[in-house]
Amino acid sequence: MAKYINDGTIELDRGVSVYSCAAAVGRMESDGPLGNCFDYAAEGAELGLTTWEKAESTFQQYAFDIALRKAKLIKEDISFIFAGDLLNQCTGSAYGLRDTDIPFFGLYGACSTMAESLALASLFADMRIGEFFAAVTSSHFCSAERQFRFPINYGGVRPPTAQWTATGAGCCITSAAEKAPFVKRITVGKITDMGIKDANNMGAAMAGAAYDTINRHLINTKTTPQDYDAIYTGDLGQVGTDLLIELFRRDGVQIENIHKDCGLMLYDREKQDVHAGGSGCGCSASVLCGHILPMIAEGKLHRVLFAATGALMSPTIVQQGESIPGISHLVEISDRQEG
Amino acid sequence: MQYLWAFLVGGALCAIGQVLIDLTKLTPARILVSYVVAGVILGAIGVYQPLVDFAGAGASVPLTGFGNLLAKGMRKAVEEDGFLGIFTGGFTACAAGVAAAVIFGLAVALIFRRTDRTRQE
Amino acid sequence: MNISKKEYAKLADSYSAPSKLYITIPKAFVSGGIICCIGQFFMDIYTMLGNDTDTASAYTSITLVLISALLTGFGQYERIAKHAGAGTLVPITGFANAVVSPALEFKTEGLVLGTGAKMFVIAGPVIVYGIAAAFVYGLILFVISLFGG
C-alpha cells in the first residue's frame, strides 16, 4: 500500500509498473532530435481532419490505441482512464476518448498533466483497484494557438521567450506488475506563483513551481540530485531552465549536469523556429513515453525524476492583469523494484 | 527619387514599431492602435500631410497614414456637414480600406483552406 | 521559496534574452520600406490612369489589402511576418492580415459566429480608437467653427 511520507510526497508499494507507453506526434516533433523514438509520427498536424481540435483528439486516441497494442491489451482491460489536455473544458481528452467506454477521470494540470495523470494512475495501480490504468494527455500547436493566442495565419511577432506548443500525445498504462519501469514515489505539486505576468514567458512562470516540487522531493526522500541519473522537467524552455538551475544554485545544490528539459530536448532550436523551446502537455508526454520510459526499460537509465510543469492561467485572467501561477507534479521512476 | 523617400520614411515608421515591440513588450494590437491614434493626432495638427506629400506611399501605407486619412476625412466632413460630419467623417474616410478588408477577408474565408503551419517550420 | 518575488522578477528579466535589435530593426526597416515602395508603384499606376491623389491612394489601399488577403489565404503572410516583424505589422497589409486571418481561422465555428463574429477580434481596436480619436478631433473642429469659423 502507498505510504504518505511528508509534505506531498507519497511512496508507492513495490511493483507499480508503467506497463506500456506510447507517443504520437506531429511532423515538427518527428523532425526534431528525438524524431526516431516516437511510436507514431504524422505527416503534418491535421491528420486529414476538418478541425485542429479533432486532430488533437485523434492524436490522443492514437497514443492510447498504440499503448494498448504494444502491451497486447484490449480496451476492456483498462479499469480507469486519467486524461487531460489544454483545450477549454478538456475537450481534447473527452472527445478523443469518448468511444472507449471506460470509466474516465478528466484532469486539468495545464502542461503538468502527464505527471499528474501518471501519478494518479500509479496510485490506483498501487491500491489494486482494478488491473490496468491509462494516463493520457495531448496538446496541439494549432488548437492551442487559436485558443490562447492568435489565428494560425496571423503574422504577429513572437518574443524570444515565447515557447512552441508541441503537437502530440502520450499514453502510459500502469499496473501492479513486475515489469520495469517502476513508479517509486510521487510528489504532488503546489500552486506556486512567482509573480510573473508575461504570458510570453511561461518558463519563468513555472520554474519556481518546478524548484519547489523537486526540492521537496529531495528533502522528503532524503536524496540528492546525484542519486538520480537525470532530473527531467516538462517544458521550462531555456529561460525556465536557467532560472531553475539558479534557484538550486542559491541552495548550494548543483543540478545542471543531470537536469534536462523536455521542451529543450524535443526540438532543434538552431534549425526549428521554436524560440525558447517546446511546451504543452504533449511535449513532456511525448518525451516521457517516447524517450525516457523506453530508456529505463532498456536499462540505459536507472533512476530518474520526471517533473512536468504547467502554467495555470487563462487568457482572460492574464488580460485582467493577474500573475501566472505554476504547478509541477513529480514522478520518480526506476528500473528496479527495490530501493 | 519618390521611391527612395517612400522606402526610407516607410521603413523608418516600421522600424519605430519594431523598437516598440522589442523594448516595451507592447502587443501587436496595442501598437496598431497607437499608430492609428498617433496618425489622427499628427494629421489633426497638420504635421502628417506634409510628410505624405513628401514621401507618398511611404507615409500613407503605414497605419499612421490611415489615422491621417481619418483626420483629413473628418475635417472635410465637418466643413461640409457641420455637426453631422462629426459622426460621418471617420467611417467615410476609412471606408475603402475597411470595406476592402471585410470583403476580401470574407472571400478568403470562403475560398481558402486553413494552412498547417507546423509543416512550414 | 528561497527568493522574493521582486528578486525573482529581476532574475527572470536577466535570463529572458531580448530580441536581437541589430537584426530585427533592419529587417523591419527594409521589409516595411519595400511594402511602401510597392504601394508607391500602385500609386503611380493609378495616378497615371488619370485619378487624383486621394482616389489613387484609396485604390492603392484596396490593392494592398487584396494582396495581403491573398498571401494570408495561401499561408504566406505569417511566414514573411516571422522575419519582417513590425515591417509587415505597421503597413495597411498588417491590418488586412489581422482581419483576414481570424476570418479564415474561425471558419470552423461557422460563417456567422466564426468568420463574421471573429473577423475584427484583433483589428477591432484599431477601428474603435481610430474612429474615437477622429470623433474627438471632429468635435474640436466643430466647436472652433461655432466660435471662430
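The values are calculated or read from the model by the stated rules, or taken from the named source; none is laboratory data. If you're wondering where the values come from, they're calculated on a predicted model, not measured in any experiment. Positions of Cβ are generated from backbone atoms using ideal geometry, with glycine treated the same way; all protein chains shown enter the neighbour counts.
Table for the structure above
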{"read-out": "Conditions (1) crowded, with 17+ Cβ neighbours inside 10 Å; (2) of a type in the set (Lys, Arg); (3) at pLDDT 95 or above; number of the one not met by A:Arg249", "value": "(1)"}
{"read-out": "Test result for B:Arg30, within 14 Å of the chain's Cα centre (by Cα), more than 7 Å from chain C (Cβ to nearest Cβ), surrounded by fewer than 24 Cβ atoms within 10 Å (Cβ to Cβ) and at pLDDT below 95", "value": "yes"}
{"read-out": "Residue that is under 26 Å from B:Ala57 (Cβ atoms) and surrounded by fewer than 24 Cβ atoms within 10 Å (Cβ to Cβ), where the choices are C:Leu70, C:Leu113, C:Leu146", "value": "C:Leu70"}
{"read-out": "Number of the exception - B:Leu51 against (1) surrounded by fewer than 24 Cβ atoms within 10 Å (Cβ to Cβ); (2) facing chain C (nearest Cβ under 7 Å); (3) aliphatic (A, V, I, L, M)", "value": "(2)"}
{"read-out": "Residue in region A:175-185 that is in contact with a strand residue (DSSP E or B) (Cβ under 9 Å, 6 or more places away or on another chain) and more than 30 Å from A:Ala71 (Cβ to Cβ) present", "value": "no"}
{"read-out": "Within region A:191-209, considering residues that are surrounded by fewer than 24 Cβ atoms within 10 Å (Cβ to Cβ) and under 27 Å from A:Gln60 (Cα atoms), the one nearest to the other protein chains (Cβ to nearest Cβ)", "value": "A:Asn200"}
{"read-out": "Out of C:Gly148, C:Gly124, C:Gly116, sole residue that is more than 10 Å from chain A (Cβ to nearest Cβ), modelled with pLDDT under 95 and more than 27 Å from C:Val30 (Cα to Cα)", "value": "C:Gly148"}
{"read-out": "Contacts under 9 angstrom Cβ, first residue in region C:51-78 being on the phi > 0 side of the Ramachandran plot, partner surrounded by 24 or more Cβ atoms within 10 Å (Cβ to Cβ), 6 or more apart", "value": "C:Gly75/A:Asn153"}
{"read-out": "Selection status of A:Asp212, assigned to a loop (DSSP other than H, G, I, E, B), in contact (Cβ under 8 Å) with a residue 12 or more places away in the chain and either among the charged types (D, E, K, R) or surrounded by fewer than 24 Cβ atoms within 10 Å (Cβ to Cβ) (or both)", "value": "no"}
{"read-out": "Region A:99-158, subset within 17 Å of the chain's Cα centre (by Cα) and among the hydroxyl-bearing types (Ser, Thr, Tyr), residue farthest from the other protein chains (Cβ to nearest Cβ)", "value": "A:Ser122"}
{"read-out": "Elements of type helices (runs of 4 or more DSSP H) in region C:1-112, at least 2 residues being within 30 Å of A:Ala207 (Cβ to Cβ)", "value": "C:5-15, C:21-48, C:77-84"}
{"read-out": "Any hit, region A:94-103, residues being buried (at least 24 other Cβ atoms within 10 Å of the Cβ) and modelled with pLDDT of 95 or more", "value": "yes"}
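Conditions tested, residue by residue: (1) more than 7 Å from chain C (Cβ to nearest Cβ); (2) farther than 30 Å from A:Lys271 by Cα; (3) outside any loop (DSSP other than H, G, I, E, B).
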residue: B:Leu23; (1), (2), (3): yes, no, yes
residue: B:Gly39; (1), (2), (3): yes, yes, yes
residue: B:Gly58; (1), (2), (3): no, yes, yes
residue: B:Lys72; (1), (2), (3): yes, yes, yes
residue: B:Arg75; (1), (2), (3): no, yes, yes
residue: B:Val78; (1), (2), (3): no, yes, yes
residue: B:Gly89; (1), (2), (3): no, yes, yes
residue: B:Ala99; (1), (2), (3): yes, yes, yes
residue: B:Ala109; (1), (2), (3): no, yes, yes
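So that you can scan it fast, the table gives a plain yes or no per residue for (1) facing another protein chain (nearest Cβ under 7 Å); (2) farther than 19 Å from C:Ala84 by Cβ; (3) modelled with pLDDT under 95; (4) out of contact with any strand residue (DSSP E or B) (no Cβ under 7 Å at 6 or more places or on another chain):
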| position | (1), (2), (3), (4) |
| --- | --- |
| C:Asn2 | yes, yes, yes, yes |
| C:Ser14 | no, yes, yes, yes |
| C:Val30 | yes, no, no, yes |
| C:Cys37 | yes, no, no, yes |
| C:Gln40 | yes, no, no, yes |
